[in-house]
2 protein chains.
Amino acid sequence: MRHALDLARTVLHTTSPNPRVGCVIVRDGLILGEGATQPPGGPHAEICALRDAAARGLSVTGATFYVTLEPCSHFGRTPPCVDAVLAAAPGRVVVAMGDPNPQVNGAGLARLRAQGVPVTTGVCLPEALALNAGFAARMSRGMPWLWAKTAASLDGRSALHNGMSQWITGPAARADGHAWRARADVVLTGMGTVQKDDPRLTVRDVAVPRQPRKAVVDGRLQISESARLFDGEEVWVFTAHDDPVKAERLRRRNARVIVLPGPEPGRVDLHAMLRWMARQHVNEVHVEAGAGLTGALLSAGCVDEILAYIAPVLLGDAYAMVKLPMLSDLADARRFEFIDALPIGGDVRLRGRFADRWQALLSAANPR
Amino acid sequence: MRHALDLARTVLHTTSPNPRVGCVIVRDGLILGEGATQPPGGPHAEICALRDAAARGLSVTGATFYVTLEPCSHFGRTPPCVDAVLAAAPGRVVVAMGDPNPQVNGAGLARLRAQGVPVTTGVCLPEALALNAGFAARMSRGMPWLWAKTAASLDGRSALHNGMSQWITGPAARADGHAWRARADVVLTGMGTVQKDDPRLTVRDVAVPRQPRKAVVDGRLQISESARLFDGEEVWVFTAHDDPVKAERLRRRNARVIVLPGPEPGRVDLHAMLRWMARQHVNEVHVEAGAGLTGALLSAGCVDEILAYIAPVLLGDAYAMVKLPMLSDLADARRFEFIDALPIGGDVRLRGRFADRWQALLSAANPR
């Protein structure tokens, strides 16, 4: 299964909106065939592994199939994988995670069991889920999986009062941040960051087959048509302000303006935005924004993970990395869990995850 | 040498103001004797190891001596260890760090070499120095080694605006913090913390043979005689305010008032305070204070290491963990180096060290 997970990791940037899946077919400790899900429309991992075995001239009858995700049992752009697996007459099928779609979960496994194939489930479930948290979130709750990236000093300051923020963290941390951008479907920022930094939001430090979609939260539709992130690819601009004239001007820059007003004037309905993204098949959202949008997403409960880069410096009187309302009781602060603490260059990367969100995914992806 | 370092770690709390030293005598891969420095006045590590071998009835002639610190060559409370080592006719002596006192460094090694004993130096130097950074700092620069402990949210907030700060970090982080208190000679806090939390400043979560000295920076000598830290043991109160009446009242609580005014009215001369401590044989100072004193020590360049506990929470609008003057250029921020990133319970501990300070110690402790 670890090898199947490694195969799934090789297609981190190419399967979306499909899940990243790896499959290894083994008999007597020998690998007969292996594969990972190809880009949308192409064969899934099981089919690739079967074809690999066939190309080697090997029969897989009676072999064990290790698959990181339950074989699909429905017709999508490709026929159901479970039929191909059954046709190969496996001796046993081992699965990491189930199909997180609650309407489907277990149907592929049930088909296998009904044909007398022994099935083992839940092997390396957390690792498989970490590769497909976005797919699982979209399938199970109709929202993408969202992480907020921050870069700050040890005392949580992301810029000096004069606006100076480049570079608090070092080149290795920036490159690592780009690797996280690269795996996401959408890189989301706020209007404040566009005005201050005019970022391109492209993935630069990592070789990628496709750039993630760019998106901006711009409550009052103030973004300039000459912002650098308009580079020809379609950019999503979420706003609370319905201004068809401005929207038309932006459309000429290949911006798609989505009007989703929230209850507060000039503020986008962030939950509606994420539901809208899920309907566009967005699995993973990488937020790289200022204290305002990051804080608003946190306050709205839209953040699943925090990806925090910490620089070895104390800045004191400077801008805070996140804007949140004042609390009167520490018990009211929403705690996450640290899942990772890693030196990256001269900086440290801490990853945090809200436990309730992860538990919900685990239970949606727990194969039945 | 790693075993000798482990032995030195067993006496972390008992040798001060002497260094923590371990010694292992080895021949043909067998340990003949081992030992670690005993409390002041007692035998040093080499003597303990020689006695251990003698107690086992083993001769150490021609054996290799691994010592974490250069054997002393002067009469202190005990005779020079180098004489005892030479009397044992070693085949070879391997040393981690030299005596950091620039007047002495190398004298013990020179005595060994003069008698024809081969000497190897610098083995595991950083590990040995980490055990004795305080001793090395006091010997080489006349100031103790000082670390500032902080406990804050991921965004660097140590208390809510209503003062609520217990407990941002969890019990494991607090216990770890007490282990750092325990190894220090002095636990230092500020008057703000005394007023706000009325801390006892004792080591509680760790079994220790002796409590570290408590000390308070109290520029205006406002501390109450009923503060909980006055528990019978002598407490040092550093002040800028010469008030013999108040000082006398505090003396009855076994407080020793040290008047060291700095150039700013009402502010203690922090450098003078540390030099004063070094003259009292203080090797290591653990600072556990609020944003004010921690920031003042940082600004004055008195901090060598940062011991930061980070809780998995974001607090936004709350008190900052450190008060520092506003900067206009990031290049002016004094950067440290992360030397450690470790999950502790649900929190993360990051240790930072100012590289120039460490380099100075390394060069003072590099055996000649």
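Out of B:304, B:269, B:356, one residue alone is at pLDDT 95 or above, under 22 Å from the mean Cα position of the chain (by Cα), surrounded by 20 or more Cβ atoms within 10 Å (Cβ to Cβ) and not basic (Lys, Arg). It is B:304.
For the range A:12-59, the set of residues classified as buried (at least 23 other Cβ atoms within 10 Å of the Cβ), β-branched (Val, Ile, Thr) and more than 21 Å from residue A:101 (Cβ to Cβ) consists of A:24, A:25, listed by residue number. The set of residues in the range A:113-122 that are closer than 14 Å to residue A:363 by Cα and assigned to a loop (DSSP other than H, G, I, E, B) contains only A:122.
In the range B:328-335, is there at least one residue being of a type outside the set (A, V, I, L, M), more than 11 Å from every other protein chain (Cβ to nearest Cβ), farther than 23 Å from residue B:199 by Cβ and out of contact with any strand residue (DSSP E or B) (no Cβ under 8 Å at 6 or more places or on another chain)? No, the range B:328-335 contains no residue that is of a type outside the set (A, V, I, L, M), more than 11 Å from every other protein chain (Cβ to nearest Cβ), farther than 23 Å from residue B:199 by Cβ and out of contact with any strand residue (DSSP E or B) (no Cβ under 8 Å at 6 or more places or on another chain).
For the range B:181-234, which positions are outside any loop (DSSP other than H, G, I, E, B) and loosely packed, with under 14 Cβ neighbours inside 10 Å? Across the range B:181-234, the qualifying residue is only B:196.
Is it true that some residue in the range B:99-120 is under 24 Å from the mean Cα position of the chain (by Cα) and under 27 Å from residue B:32 (Cβ atoms)?
Here is the first cut: in the range B:99-120, the residues under 24 Å from the mean Cα position of the chain (by Cα) are B:99-106.
Keeping just the survivors that are under 27 Å from residue B:32 (Cβ atoms) gives B:99, B:106.
Yes: one or more hits.
Residue A:97 falls short on exactly one of the conditions (1) under 30 Å from residue A:53 (Cβ atoms); (2) within 14 Å of another protein chain (Cβ to nearest Cβ), and that condition is (2).
Have a look at B:365, B:318 and point out the one that is modelled with pLDDT under 95 and more than 10 Å from chain A (Cβ to nearest Cβ). Walk me through it before giving the result.
Details: B:318 fails: more than 10 Å from chain A (Cβ to nearest Cβ).
So the residue among B:365, B:318 that is modelled with pLDDT under 95 and more than 10 Å from chain A (Cβ to nearest Cβ) is B:365.
Look at the range B:110-122: where a residue is more than 17 Å from residue B:89 (Cβ to Cβ) and a partner is crowded, with 16+ Cβ neighbours inside 10 Å, sitting 6+ places away or on another chain with Cβ atoms under 6 Å, you get B:120/B:94; B:121/B:95; B:121/B:367. If you scan the range A:276-291, which residues turn out to be away from chain B (no Cβ under 14 Å), out of contact with any Leu (no Cβ under 8 Å at 6 or more places or on another chain) and part of a loop (DSSP other than H, G, I, E, B)? Within the range A:276-291, A:280, A:281, A:282, A:283 qualify.
Scanning the range B:60-77 for residues that are at pLDDT below 85 and either surrounded by 18 or more Cβ atoms within 10 Å (Cβ to Cβ) or touching a Cys at 6+ places or on another chain (Cβ under 8 Å) (or both) turns up just one, B:73. Scanning the range A:152-190 for residues that are within 14 Å of chain B (Cβ to nearest Cβ) and β-branched (Val, Ile, Thr) yields A:168, A:169. Out of B:110, B:84, B:136, B:130, one residue alone is at pLDDT 95 or above, part of a helix (DSSP H, G or I) and surrounded by fewer than 24 Cβ atoms within 10 Å (Cβ to Cβ). It is B:130.
Would you mind finding the one in B:177, B:142 that is within 30 Å of residue B:221 (Cβ to Cβ) and surrounded by fewer than 17 Cβ atoms within 10 Å (Cβ to Cβ)? Break it down stepwise before answering.
Details: B:177 fails: surrounded by fewer than 17 Cβ atoms within 10 Å (Cβ to Cβ).
Going through B:177, B:142 in turn, the sole match is B:142.
Checked against (1) away from every other protein chain (no Cβ under 11 Å); (2) closer than 30 Å to residue A:325 by Cβ, residue B:257 passes all but a single condition, namely (2).
The values are calculated or read from the model by the stated rules, or taken from the named source; none is laboratory data. These numbers come from a predicted model, not from an experiment. Glycine also receives a Cβ, built like all others from the backbone with ideal geometry; neighbour counts cover every protein chain displayed.
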